[in-house]
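Report on the following structure.
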Amino acid sequence: EIVVVLDGKLEERKLKLITPISRCVCAQEIHELIITDEPAAPGMQVDRIAYLGFAEVSQGGVIVAGDLILIGDSQIGTVAGFDETHMPNHLNIVIRAEKRRTGSELGVELAMPLICRQA
């Protein structure tokens, strides 16, 4: 579920998506969600970003590039890849969306459920 809602954008973030297409997540971990409207995939660099927020994992599992991300009843986008800049503190999960919007712009609220679903 969402534990922090963010409201910031950057034009030159220089996130380096790792080459592996998947990452395991464990229950109670907290990870950051970042949206880009750039064509992005594992191994690429992402510059244009919007900060969505942080979410706490309730059930461990595996997230794979291409998985759908939903918050509440809204589909946000698909997982583009992962950036490990802040590891071991948290993983940046980069989401590809048609429009680059922040968590505030999307109307995201604390405690909203986040679902990661195979496409």
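Which of the residues that make up segment 14-26 are in contact (Cβ under 8 Å) with a residue 40 or more places away in the chain, assigned to a strand (DSSP E or B) and not basic (Lys, Arg)?
15, 22, 25, listed by residue number.
Please work out which residue is nearest to residue 108 (Cα to Cα), limiting yourself to segment 7-41 and to residues that are among the polar types (S, T, N, Q) and open to solvent by 70 Å² or more (accessible area, probe 1.4 Å).
Checking each candidate, the answer is 28.
Go over the candidates 69, 95 one by one and state the one that is touching a Gly at 6+ places or on another chain (Cβ under 9 Å) and within 18 Å of residue 16 (Cβ to Cβ).
Every option except 95 fails the conditions.
Open to solvent by less than 40 Å² (accessible area, probe 1.4 Å), modelled with pLDDT of 95 or more, within 14 Å of residue 77 (Cβ to Cβ) and of a type in the set (D, E, K, R) - does that describe any residue in segment 42-51?
no
If I ask for residues that are more than 11 Å from residue 23 (Cβ to Cβ) and open to solvent by less than 70 Å² (accessible area, probe 1.4 Å), which ones from segment 73-85 would you list?
Scanning segment 73-85 gives 74, 76, 77, 78, 80.
Does any residue of segment 77-85 turn out to be within 14 Å of the chain's Cα centre (by Cα) and assigned to a loop (DSSP other than H, G, I, E, B)?
Yes, the conditions are met somewhere in segment 77-85.
List, please: which pairs have Cβ atoms under 7 Å, are six or more places apart or on different chains, and start with a residue in segment 97-119 that is more than 18 Å from residue 36 (Cβ to Cβ) and end with one that is open to solvent by 40 Å² or more (accessible area, probe 1.4 Å)?
That search, which allows pairs on different chains as well, returns 109/5; 110/3; 110/5; 111/1; 112/1; 113/1.
Yes/no per residue for (1) within 22 Å of residue 119 (Cα to Cα); (2) in a strand (DSSP E or B); (3) of a type in the set (Phe, Trp, Tyr):
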residue	(1), (2), (3)
5	no, yes, no
12	no, no, no
28	no, no, no
41	yes, no, no
58	yes, no, no
66	yes, no, no
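The values are calculated or read from the model by the stated rules, or taken from the named source; none is laboratory data. Keep in mind that what you see is a predicted model, and the values were worked out from it rather than measured. Glycine also receives a Cβ, built like all others from the backbone with ideal geometry; neighbour counts cover every protein chain displayed. Protein only, heavy atoms only, side chains kept; ligands, DNA and RNA dropped before computing areas. Shrake-Rupley method; radii C 1.70, N 1.55, O 1.52, S 1.80 Å.
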